[in-house]
Amino acid sequence: MKKVILSMLAIVFLSLTTFAQKQVSSKTHIKFFSTTPAENIEANNYASVSTLDPASGDIVFSVPMQSFEFEKALMQEHFNSKKFLNTKANPKAKLTGKIENITAINFVEDGTYTADIAGDLTINGVTKPISEKATISIQNGKVSLNSIFNVTLVDYEVAFKKGKPSTNIAKTVEVTVNAEY
Amino acid sequence: MTTKKKILIVLAIGVLIAISIALFMFFKPARDIQATETDYSYNASDLVNEYLTDAHKANNKFLDEEGNSKVLEITGIVKNITKDFNNQKVILLKNTKDKAGVNATFTSATNAHTNSVKIGDKITVKGVIRSGASYDEDLEMYENVILDKCDIVIQ
């Protein structure tokens, strides 16, 4: 009898630790979208890594900047160049944040929750505080996240002063994030 | 033909050349990685170690300012095979005792070449480097080298 109780306790303890474990995702999609009367520009990145800690609410995204793929090669070169995101000097962008309403999310039951995330976003070597909403879904114990938010380029010292890029790239771009943990 | 006419013709040809160069640049196709000559050949472990020893130096060696970074051929043991959100195959080459590996992403054109690759196989892939390996304090884990536009060279 004692053995049964002990093993039951062990099972409960084990399952609790599994859910409390940090979730890692390398299946991600991050999209930039810029729209101006001149043209729409889109770039896609499938190579980011993210972690989400259901216990503390800590959430991190590490984004390899050279993995952004554009339709036109010239745009991709502009994006990477010193004038824009300087990806040789700053190969990664990063988000470190906390899900502030983590206790409202039940990671052991299927459902969809709105997470309030506050933290720091570093792009182009410049760090700014951000506060955005994300949707977290739990399905069969699998956690996924998606979010759409805007990034104002000038905040991260990304600015074209003159020429075609200054008229063809929006001042604020829409960022879409998807991750499966 | 008058001199005026001659000048006009020369000017018109000049303008035409300028327009075609501008159009060519604007519609320049993306770099064909597989048709590009390989810059360096490495074992997955050696590339990872070079990054973990001095990431700054390695970035200077491998990354390009405009994103046309070095084309590498990497040999290693297949640790994991997955698919990304774009339905591209992703093969992780990683030695069991190494802290990080090389994550090779294939393309819609090369995906099928990986069909017979199994975990534990020793293979060589060719692709363009996007970022290096490093320990990330926030993720609390090692990040792999990212290789993109890959194809199998030796299986």
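The values are calculated or read from the model by the stated rules, or taken from the named source; none is laboratory data. Owing to the predicted nature of the structure, the values given are computational and were not obtained by experimental measurement. Methodologically, a virtual Cβ is constructed for each residue, glycine included, from the backbone with ideal geometry; neighbour enumeration extends over all protein chains shown. Keep in mind that these areas ignore ligands, DNA and RNA; they rest on the heavy atoms of the full protein, side chains included. Shrake-Rupley method; radii C 1.70, N 1.55, O 1.52, S 1.80 Å.
Which listed residue (B:36, B:132, B:155) has the Cα farthest towards the positive end of the charge dipole for chain B, taking +1 on Lys and Arg C-beta and -1 on Asp and Glu C-beta about the Cα centre?
Comparing the listed Cα positions along the dipole, B:36 ranks first.
Looking at A:114, A:73, A:127, which one has the Cα that reaches farthest to the positive end of the dipole of the stretch A:51-181 (charges on Cβ: Lys, Arg +1; Asp, Glu -1)?
So the residue we want is A:73.
About the Cα centre, and with charges only on the beta carbon of Lys, Arg (+1) and Asp, Glu (-1), how big is the dipole of the protein assembly as shown? Nearest 20 debye, please.
Working: 38 positive and 37 negative charges, 177 e Å.
I would put it at about 840 debye.
Using only helices, what value at 222 nm comes out for chain A when you add -39,500 (n - 2.57) per DSSP H run of length 4 or more and divide by the total residues, to the nearest 500 deg cm²/dmol? Kindly include the intermediate steps, with their values, before the conclusion.
Values: 3 runs with 32 residues, N = 181.
Helix contribution divided over all residues of chain A: -5500 deg cm²/dmol.
For chain B, what relative contact order do you get, as a whole percent, if you take Cα pairs closer than 8 Å and at least 6 residues apart? Don't skip to the answer; put the middle values down first.
Working: 283 pairs, mean separation 36.0, N = 155.
23 percent.
Taking the C-alpha atoms of chain B, how large are the radius of gyration and the largest Cα-Cα span, Dmax, in Å?
Cα radius of gyration and Dmax of chain B are 21.8, 80 Å respectively.
If you take the charge dipole of the protein assembly as shown about its Cα centre, with +1 on Lys and Arg Cβ and -1 on Asp and Glu Cβ, which of B:142, A:104, A:47 is farthest toward its positive end?
Selected residue: A:47.
Per residue, how much accessible surface does the protein assembly as shown expose to a 1.4 Å probe? Answer in Å², no decimals. The partial results should precede the final answer.
On the way: 18200 Å² over 336 residues.
About 54 Å² of surface per residue is accessible.
Please count, across the stretch B:9-155, the pairs of lysine residues with Cα atoms under 13 Å apart that sit 8 or more places apart or on different chains.
Lysine pairs satisfying the spacing and distance rule in the stretch B:9-155 number 12.
Against the longest principal axis of chain A, how steep is helix A:2-20, in degrees 0 to 90 to the nearest 10, with axes from Cα atoms?
Approximately 10 degrees, to the nearest ten.
Looking at the stretch B:1-94, which GluC sites (Glu not before Pro) are in a loop (DSSP not H, G, I, E or B) and have at most 15 other Cβ atoms within 10 Å?
Loop-located and lightly packed - B:37, B:65.
Lysines within cross-link reach of residue A:128: Cα-Cα under 26 Å, excluding same-chain residues under 8 positions apart?
In chain and number order, the partners are A:22, A:27, A:31, A:82, A:83, A:88, A:92, A:94, A:98, A:161, A:162, A:171.
Assigning unit charges at the beta carbon (Lys, Arg +1; Asp, Glu -1) and nothing else, what dipole magnitude in debye, to the nearest 20, does the stretch A:66-181 show about its Cα centre?
780 debye
What's the magnitude of the charge dipole for the stretch B:43-136 around its Cα centre, counting Lys and Arg as +1 and Asp and Glu as -1 at the beta-carbon? Answer in Debye, nearest 20.
Dipole size: approximately 420 debye.
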